[in-house]
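The values are calculated or read from the model by the stated rules, or taken from the named source; none is laboratory data. This one's a predicted model, so the numbers in the text were calculated from it and none came from an experiment. Every residue, glycine among them, receives a Cβ derived from its backbone with ideal geometry; neighbour counts consider all protein chains shown.
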Amino acid sequence: MSLANKTLFITGASRGIGLAIALRAARDGANVVIAAKSDVPNPKLPGTIHSAAEAVTAAGGHGLALKCDIREEEQVHAAVAATIDAFGGIDILVNNASAIWLRGTLDTPMKRFDLMQQVNARGSFLCAQACLPHLLKAPNPHILTLCPPPSLDPKWWAPHTGYTLAKMGMSFVTLGLAGEFGPQGVAVNALWPRTLIATDALNLIPGVSAGNGRKPEIMGDAAHAVLTRDAAGFYGRFLIDDEVLGEAGVTDFSGYAVDLAQPLFPDLFLD
């Protein structure tokens, strides 16, 4: 299957994994909404909604840049309405936007704690709530959320309870939405990388470099493999990028490595 003429609403897609997913869809000729806050250049974080939308169009798709803070209900509904005005419907929601803070309890300001809860779990729920009336009308609807398999193992909670709560919150939102809307024909699933991914978020993890991760393109290709599947009966899965690609016939992952001379580090929440 192809994503040609499908409309994807992707949060946080101005850079990194979200942009990689957008560009892979664009190569099929998809309509891609870049819904994010980054509307002006930031010297510390390259990429804006405008540069991302331009890249989507250059890759063969139809990019639409929409400034949207997914913490704000009115902004999310306005972005969804603008998407419908531009493309007539929504086929796919990708919940990619996420806030991260890898510190212990005593080093986590409540402002940062609140930000993570509002963006990660609440934002994913809000975007799904806003998109679902349109997804339920789509011929092959998908919701794909970038979150890990749920875990209650204290080893993932003790080092950064606030972040783990926010990220696992996305996982539990996925479980609930899958149970509610999967039987109605919406493929609600999660995707998580086996290894670290070379994005700006790596700057927050001490002792690692981009060379210890894979390129974001592996997530773009894995998401494409998921989103082109038949939605019927396909829900509640917590998928891992290289497993998805392995099932699709990929056997050589060396091309995704940033630096073959350096060891790949596993991502958080995976044993």
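Taking S124 as the residue in question, decide whether it is closer than 25 Å to A222 by Cβ, at pLDDT 95 or above, surrounded by fewer than 21 Cβ atoms within 10 Å (Cβ to Cβ) and not hydrophobic (A, V, I, L, M, F, W, C).
Judged against the criteria, S124 is not a match.
With (1) among the aromatic types (F, W, Y); (2) part of a helix (DSSP H, G or I); (3) crowded, with 17+ Cβ neighbours inside 10 Å as the list, and F234 as the residue in question, which single condition is left unmet?
Evaluating F234 over (1) among the aromatic types (F, W, Y); (2) part of a helix (DSSP H, G or I); (3) crowded, with 17+ Cβ neighbours inside 10 Å leaves (2) as the failure.
Which pairs do you get when a residue that is more than 16 Å from S98 (Cα to Cα), found in segment 60-71, comes within reach of a residue that is among the acidic types (D, E), reach meaning Cβ atoms under 9 angstrom, with the pair 6+ apart or on two chains?
G60/D28; G61/D28; G63/E54; A65/D39; A65/E54
Which pairs do you get when a residue that is within 19 Å of P148 (Cβ to Cβ) and touching a residue at least 60 places away in the same chain (Cβ under 8 Å), found in segment 247-271, comes within reach of a residue that is charged (D, E, K, R) and buried (at least 16 other Cβ atoms within 10 Å of the Cβ), reach meaning Cβ atoms under 9 angstrom, with the pair 6+ apart or on two chains?
Qualifying pairs under 9 Å: L264/R194; L264/R214; P266/R194; D267/R194; L268/K167; F269/K167; L270/R194.
Given the residues Q118, Q129, which is the only one that is farther than 17 Å from W157 by Cβ, modelled with pLDDT of 95 or more, touching a Lys or Arg at 6+ places or on another chain (Cβ under 9 Å) and polar (S, T, N, Q)?
Q118
Go through segment 192-221 and count every residue that is assigned to a helix (DSSP H, G or I), of a type outside the set (A, V, I, L, M, F, W, C) and at pLDDT 95 or above.
So the answer is 3.
Could you go through segment 146-154 and let me know if any residue there is part of a helix (DSSP H, G or I) and more than 16 Å from the chain's Cα centre (by Cα).
Within segment 146-154, one or more residues are part of a helix (DSSP H, G or I) and more than 16 Å from the chain's Cα centre (by Cα).
Considering segment 84-111 alone, what residues qualify as being in contact with a helix residue (DSSP H, G or I) (Cβ under 8 Å, 6 or more places away or on another chain) and either without any contact (Cβ under 8 Å) to a residue 12 or more places away in the chain or under 27 Å from A231 (Cα atoms) (or both)?
Scanning segment 84-111 gives I84, G89, I90, D91, I92, L93, V94, N95, N96, A97, S98.
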